[in-house]
Amino acid sequence: MNAQATDAHHDSDHDHHGPAPGLMRWVTTTNHKDIGTLYLWFSLIMFFIGGLMALVIRSELFQPGLQLVDPHFFNQMTTMHALVMIFGVVMPAFVGLANWMLPMMIGAPDMALPRMNNWSFWILPFGFAMMLSTLLMEGGGPAAGWTLYPPLSLQTGDAFPFLIFSIHLLGVSSIMGAINIVATIMNLRAPGMTFMKMPLFVWTWFITAYLLIAVMPVLAGAVTMLLTDKFFGTSFFDAAGGGDPVMFQHIFWFFGHPEVYILILPSFGLVSEIIPTFSRKRLFGYSSMVYATASIAFLSFIVWAHHMFTVGMPLAGEIFFMFTTMLIAVPTGVKVFNWVSTMWRGAMTFETPMLFALGFVVMFTIGGFSGLMLAMTPIDFQYHDTYFVVAHFHYVLVPGAIYGIIGGVYYWLPKWTGNMYSESLGKMHFWLSTIFVNVLFFPMHFVGLAGMPRRIPDYSVQFADFNQIATIGAFGFGFSQILLLVLVVKCIRGGEKATDQVWEGAEGLEWTVSSPAPYHTFSPQPVIK
Amino acid sequence: MSEVAQQRYYVPEAAKWPIVGSISLTMLLGGFSSYLNGSASGSTVAFLGLGLLVIMLFGWFGTVIRESESGMYQAWEDKSFRMGMSWFIFSEVMFFAAFFGALFYAREFSVPWLLGEGSGGSTHQYLWPNFTEIWPTNGPENLGESDFHMGWWPLPFINTVILLTSGLTLTWAHHAIKSQNRSQIIWGLILTVCLGYIFVFLQGVEYMEAYHEGMKLTSGIYGSTFFMLTGFHGMHVTLGAIMLTVMLIRTMRGHFTAENHFAFEAAAWYWHFVDVVWLGLFIFVYIL
Amino acid sequence: MNKIQRVMGILFGGALWTATGPAWAEWELNLTEGVTEISREVFDMHMTVMWICFWIGVIVFGAMAISIVKHRKSKGVTPATFHESTFAEILWTIIPFVILISMAFPAAKMLIKMEDTSDAEITIKVTGHQWKWEYEYLDSGVKFISSLHADSREAATPGSGIDPTTVDNYLLEVDNPVVLPTGKKVRFLLTSSDVIHAWWIPAFAIKKDAIPGFINEMWTVVDEEGTYRGQCAELCGRQHGFMPIVVEARSEAEYDEWVTAQLAAAEVAASSADREWAMDELMERGEKVYGTYCAACHQANGNGIAGVFPALNGSPMVLEDIEGHINIILNGKPGTAMQAFAAQLNDADIAAVVTYERNAWENETGEIIQPATVKSMRIQ
Ligand code: HEA
Ligand code: HEA
Ligand code: CUA
Ligand SMILES: [Cu+2]
């Protein structure tokens, strides 16, 4: 992209004040950078909370037998771990990155709806406080898995209404966040920033935002039906009244499958920013990347029942959903091939963001392959609800979505703080994470194939070895993340000053403003030629 | 490097209403949850939260209206609001889609399977051999023991006419706004709002009738889908009518110009959306 | 980067190699081939798809590795400037598409076969309960409940101090296994009385959900005699990990023998309601029934789990209200995890467990409830 921009910040600073002092700055801020920062810190804290829950799970699974926790509490951990990681870590991190970077990447003065932006964030801590508080209630938190299948979820105790309403709150937050992003991209692009000049991170978020607006309300509807089934005597999910428990699964997965692409598309965008920079070569196949992303998003609406192959769907449905699901490999493959072609005959260097991007490409693809195996109905009967599935989705989520996010954080950290982070700490973080993440999740393929069901606190002894390895990996991976925290704090405090462009191969508007980026970036806007 | 677009975007400095909104929502929903769990103080907290929420809405919208009236928004900001509103409405459409989906699924799949159609042969034979109702149904266990069916005639049909008419009167008001004929705007809005409230009233009458016949939320899948769909719709009509009432008051206070009347349009879009949802309801819930 | 590549390669290659290497068989790293025609076909398809993915991986990661090694700045290369090629894009859209189609068609064919439950010779109705399985042979009338074996149950009690490795088939053993004849097409009708469960035997490659209010069907033909183990494969609450499935495939003659013996035993049990029972007898039987059916929720010490499962120890209902007590066991309490046991337990079992609950722990009512009382309440 041959975007040119003015150094707009120099002459625009004086007519806006800087941030208000004190704590209230963060509570009342309408500045996209402040809100981005809030989102990112929130996400990091939740990552440690969700990770600690995972460590409880892994510790109980270290050996056969019940050692540490009651099975009921184990199920609460599984459920909460997933809810925290999905709604509290990955989604807020993406919104945080969007807040920080989208306006800077498209030459916008801020987000389109700044007050609502503040509200989208400030619903989250309240929503999660409500959700996490259920762990302390009589009968404990929700324990029916993050998928909340009835009738099991209807057996939840006092936690139940709090859980439902906290999901409503999180939904409201993400819908508002998504609307804001759509409005910003459609309305506030700088003159000359046509759609097909937008950086890929902007594109992938644009498409993700539509997914969010389309499916979060469906989740809200689904959990509302759970609520009325439990408290108001409706029978949506009760055969005695003519409903069907499986109906919930259809509605849930109509949300749930697009949701997993919500969790990956922005990472695709991040990786598509990072790889060209460090390959010193333009992204290969820009337009096909855009079309591929759109195809993935479109297909994601018609594949949902691949999570339900064993519920006894009619044969035609099983075949339809198998075919559509397998099709998703095509546009995803296009993306992978384009990334590899971008590297091909580039001049690569391997700074930390690039390492995470490369790790992403390899390990996401491995997760994609196991996804493809799951997509084939007759053999999914063997994989379904085993650790093979757990291995699949952690490969696409942890070294997938999370690696994309971490890569993005490293990539833009100098722009945010004005300081370079410690490259040696970063590299250490990458290598430790990558080794341990594979020690953690790869053995899950084996125990899954060998027949270990998921969501069990105890297992028969033949699965012991690999579970032990996985647990070691979990602790290794978890503690490696402390390096990230250390590195970020150090980088905020000081370090070698970053240049405006930061990376030799970096292109795009965000690299034309100073590091750290000024509080108000593009007002008035630059013109892109 | 030389050109700079001269427009500036209005970014408010700080906003205190959002945090009030978060606190009030948490009180409302947390209080309601405790109430559902049988706690005595739950409803008090919920009502306090609701009160705070109303204060927040007045405060927030009040600020926006002030800013709008003092000319701080240009076409640019206006466009952001429009996008916000239209995508919000789209999200509402998807919310209703979930319930329409449930209705569709129950009628096309779960009830026929319980009756033994398709792959449900054994289900019927072994679990529910006495179940024969097709639609409407309250399920194999005859929940609520009423098989009352709300026909489309007369009330729902009258309600359809009312809502469609209200759409017309609203459009009339909209045209009036563009030509700045204030009394026509006011009359258009008064008519629309009244039709809206009549609709809600008649819906209440219909509910009374259903209850009289023993058909309730607890009457199996028919009762569930019927009341949830029409109930959420009714809530949206009420909300839309309140929005239009506010527009009416603002018009009387002399707000809105021929060019600058986004709030009015937003309320109007919302009203039309509610209209369209009703048409869907009329067809899929009452007629078919 | 090439280091990761190597590690991944070793891990991935290792996975595939072990799949074929018999020396690793007891490590159980791969799907089982199983003992039915379907399970072998599933296994073959699994291997095929895995190899396809493996080779695509080799190509993609290989290309990446080459760039990483050769096209690095430190080698002094100047970056190329190409960034588009319609030909390449079309190529790598079409080739994966063709590969996918070639996988999808055989899969669809196999699926059609798997879903064909017609012409079964034996039909078994399987009902999932929290947390045990109920089997009813619809042709012969054999009916029983199968739950986790007492040895595993004991070892899996927190604080038992029993090392799971010393228990045979820890968590994969039941008290009453399902018995099937070899070589016959068996049809399973799956349903549930409470939440969703799933019935899965890896060696047969069949898994399907048991959904309350609906019946799902599936079938199998077992070729080899033997004992095959599986587990519930859908989260169903606290004891989801503790409701295994064991199937014994026997020759037809042995199967017939087994059926006859089961029917005879059922007759003996049915007559038990007609006589007076002594306290000791009831307590002994009651303790067993309680351990198998009730302890999962109300706990062996009768104290339940606060907020989830009520304590029976000291419960007013147990101490005072005999009718309510028998009634909740017979009919359960709708909307809670307390299920109806009327169909699962006979009169003697219920009388025994009621007597037991009224006299165990600190409940010392001294009351004896006779099976006849239960029987009379059933009829109402
Ligand atoms: C980021 C999240 C994410 C992503 C991106 C994906 C991607 C995919 N997923 Fe995954 N999935 C989850 C998150 C994700 N999934 C989660 C969370 C669950 C479990 C939910 C729960 O039950 O709790 C799940 C479960 C799940 C199931 C249900 C399993 C079961 O319960 O039985 C299935 C089945 O079809 C599936 C399939 C796929 C497929 C086909 C893809 C495809 O998009 C993958 C496509 C990518 C590739 C194929 C690799 C690259 C392509 C090439 C190099 C081209 C050439 C390749 C070929 C021709 C093979 N997933
Ligand atoms: C983005 C999503 C995401 C992420 C990032 C993760 C990350 C991890 N997950 Fe998660 N997982 C899911 C999504 C995710 N998971 C989902 C959707 C499910 C399905 C749930 C269900 O079945 O309903 C699941 C289920 C699941 C299971 C299966 C549970 C079961 O079936 O019973 C397991 C088991 O090992 C597991 C493990 C882990 C581990 C070890 C990590 C690690 O990556 C975590 C890393 C650890 C840390 C980050 C901890 C760091 C903190 C410290 C070391 C302490 C320091 C403390 C302070 C500084 C205060 N996960
Ligand atoms: Cu039954 Cu899990
Ligand atoms: Cu999916």
Practice prompt. Take each of the peptides C:135-142, A:194-201, B:201-208, average the number of other beta-carbon atoms within 10 Å over its residues, and list them starting from the highest.
Written response: A:194-201, C:135-142, B:201-208
Worksheet entry | Cα coordinate range in chain A, projected on the principal axes (Å, largest first) | 69, 49, 45
Worksheet item: Which order do A:115, A:493 take by accessible area at a 1.4 Å probe, largest first?
Response: A:493, A:115
Fill in: Vicinal HN-Hα couplings computed from phi for the range A:357-372 (Karplus, 6.51 cos²θ - 1.76 cosθ + 1.60; Hz; Gly/Pro x)
5, 5, x, 4, 4, 5, 7, 4, 4, 4, x, x, 4, 5, x, 4
Fill in: Accessible surface buried once A binds C (1.4 Å probe; total of both sides; Å²)
8800 Å²
Item to complete: Give the accessible area for residue C:297 in Å² (nearest 10); use a 1.4 Å probe, count only protein heavy atoms, and leave out ligands, DNA and RNA.
Response: 20 Å²
Worksheet item: Any idea what diffusion coefficient the range C:122-270 gets from Stokes-Einstein, in µm²/s, Kirkwood Rh on alpha carbon pairs, 20 °C, 1.002 mPa s?
Response: 135 µm²/s
Item to complete: Report, in debye and to the nearest 20, how large the dipole of the protein assembly as shown comes out about its Cα centre when Lys and Arg carry +1 and Asp and Glu carry -1 on their Cβ.
Response: 5420 debye
Item to complete: Mind ranking C:186, C:268, A:461 by accessible surface for me, highest first, 1.4 Å probe?
Response: C:268, A:461, C:186
Fill in: Computed lengthening from residue C:372 to residue C:280, 0.36 nm per intervening residue step minus Cα-Cα distance
31.4 nm
Worksheet item: What list of ³J(HN,Hα) values in whole Hz, one per residue of the range B:32-39 in order, does the Karplus curve 6.51 cos²θ - 1.76 cosθ + 1.60 (θ = phi - 60°) give from phi, with Gly and Pro shown as x?
Response: 4, 4, 5, 4, 4, 7, x, 7
Practice prompt. May I have the extent of the alpha carbons of the range C:275-379 along their three principal axes, as whole Å values ordered from largest to smallest?
Written response: 39, 28, 24
Discussion item. Take the residue pairs A:415/B:16; A:197/A:281; A:230/C:207; A:33/A:529; B:216/C:125 and return only those whose Cα atoms are more than 24 Å apart.
Written reply: A:415/B:16; A:230/C:207; A:33/A:529; B:216/C:125
Worksheet entry | Reference-scaled alpha-carbon Rg (2.2 N^0.38 Å with N residues) for the range B:1-73 | 1.69
Item to complete: Leaving out ligands and nucleic acids, note down the accessible area per residue over the protein assembly as shown with a 1.4 angstrom probe, in whole Å².
Response: 36 Å²
Item to complete: Can you work out the PRE-style zone for residue B:65? Point 7 Å along Cα to Cβ, and I want the residues of the range B:253-280 with backbone N under 13 Å.
Response: B:253-256, B:263-264
Worksheet entry | Extension gain from residue B:165 to residue B:132, taking 0.36 nm per residue of separation minus the Cα-Cα distance | 7.8 nm
Discussion item. Can you order the peptides A:373-385, C:149-161 by their average number of other Cβ atoms within 10 Å per residue, highest first?
Written reply: A:373-385, C:149-161
Fill in: chain A: relative contact order as a whole-number percent, Cα under 8 Å and 6+ apart
22 percent
Worksheet item: At a probe radius of 1.4 Å, what is the per-residue accessible area of residue B:259, in Å² to the nearest 10?
Response: 150 Å²
Worksheet item: Peptide C:202-209: average number of partner chain Cβ atoms within 10 Å per residue?
Response: 5
Worksheet, complete the sentence: Rh_Kirkwood(the range A:294-378) over Cα pairs, Å, one decimal, evaluates to 14.6 Å
Worksheet item: Say we join alpha carbon atoms closer than 10 Å with springs in a Gaussian network model of chain B; which of B:160, B:238, B:218 then has the biggest fluctuation?
Response: B:218
Worksheet item: Using +1 on the beta carbon of Lys and Arg, -1 on that of Asp and Glu, and nothing else charged, what's the dipole of chain B about the Cα centre, debye to 20?
Response: 880 debye
Worksheet entry | Carbon and sulfur %, accessible surface of the range C:122-270 computed with the full protein complex present, 1.4 Å | 47 percent
Discussion item. So, R0 is 60 Å and r is the distance between the beta-carbons of residue C:95 and residue B:54; what FRET efficiency does that work out to, to 0.05?
Written reply: 0.50
Worksheet item: On average, how many beta carbons from a partner chain sit within 10 Å of the beta carbon of a residue in A:48-61?
Response: 0
Worksheet item: Carbon and sulfur together cover what percent of the accessible area of the range B:1-73 at a 1.4 Å probe radius?
Response: 70 percent
Discussion item. Can you give me the angle between helix B:182-212 and the longest principal axis of chain B, using Cα atoms only, in degrees from 0 to 90, rounded to the nearest 10?
Written reply: 20 degrees
Item to complete: Measure off 7 Å from each Cα along the Cα-to-Cβ vector at residue A:496 and residue C:317, then give the distance between these two points in nanometres to one decimal.
Response: 7.1 nm
Worksheet, complete the sentence: For chain B, the convex hull over Cα atoms projects on average to an area in nm² of 21.6 nm²
Fill in: Only Lys, Arg (+1) and Asp, Glu (-1) charged, at Cβ; chain C dipole about Cα centre in debye
2500 debye
Item to complete: With a point put 7 Å past each Cα toward its Cβ, work out how far residue B:235 is from residue A:24 in nm, to one decimal.
Response: 3.5 nm
Response to the item:
Once amide hydrogens are built 1.01 Å from N within the peptide plane, the residues lying 5 or more places from residue A:349 or on another chain with amide H under 5 Å from its amide H are C:73
Practice prompt. Go through C:333, C:73 and list them by solvent-accessible area, largest first, probe radius 1.4 Å.
Written response: C:333, C:73
Response to the item:
In nm, the gap between the two label points placed 7 Å beyond Cα toward Cβ at residue C:361 and residue A:432 is 4.8 nm
Worksheet item: Among A:350-359, C:57-66, C:41-50, what's the highest-first ranking by average C-beta atoms within 10 angstrom per residue?
Response: A:350-359, C:41-50, C:57-66
Item to complete: Using DSSP to define loop residues, name the trypsin sites (Lys or Arg not before Pro) in the range C:255-347 whose beta-carbon has at most 16 other beta-carbon atoms within 10 Å.
Response: C:275
Worksheet item: Once the convex hull of the C-alpha atoms of chain C is built, how many Å³ does it hold per residue, rounded to a whole number?
Response: 213 Å³
Item to complete: Can you tell me the relative contact order of chain C? Whole percent, Cα pairs under 8 Å, sequence separation 6 or more.
Response: 13 percent
Item to complete: With a 1.4 Å probe and every protein chain left in place, tell me how much accessible area residue A:313 has, in Å² to the nearest 10.
Response: 20 Å²
Item to complete: Identify, among C:305, C:48, C:246, the residue whose Cα sits farthest towards the positive end of the charge dipole of chain C, taking +1 on the Cβ of Lys and Arg and -1 on the Cβ of Asp and Glu, with the dipole about the Cα centre.
Response: C:48
Worksheet entry | Gained length - residue C:176 relative to residue C:82, 0.36 nm times residue gap less alpha-carbon distance | 27.0 nm
Item to complete: Enter the mean number of other protein chain beta carbons within 10 Å of the beta carbon of each residue in A:460-471, as an integer.
Response: 3
Worksheet entry | Alpha-carbon spread of the range A:134-257, three principal axes, descending order, Å | 59, 35, 21
Worksheet, complete the sentence: With the charge dipole of chain A built from beta-carbon charges (+1 for Lys and Arg, -1 for Asp and Glu) about the Cα centre, the Cα from A:260, A:94, A:361 projecting farthest to the positive end belongs to A:361
Worksheet entry | Dmax and Rg, reported as Rg then Dmax, of the protein assembly as shown (C-alpha, Å) | 31.7, 104
Discussion item. Which one, C:103, C:322, A:128, projects farthest toward the positive side of the charge dipole computed for the protein assembly as shown from Cβ point charges (K/R +1, D/E -1)?
Written reply: A:128
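The values are calculated or read from the model by the stated rules, or taken from the named source; none is laboratory data. The shown structure was predicted, so the numbers you read here are calculated from the model rather than taken from an experiment. Virtual Cβ from ideal backbone geometry, glycine too; neighbours counted across all protein chains shown. These area figures cover heavy atoms from the full protein model, side chains too; ligands, DNA and RNA do not enter into them. Shrake-Rupley method; radii C 1.70, N 1.55, O 1.52, S 1.80 Å.
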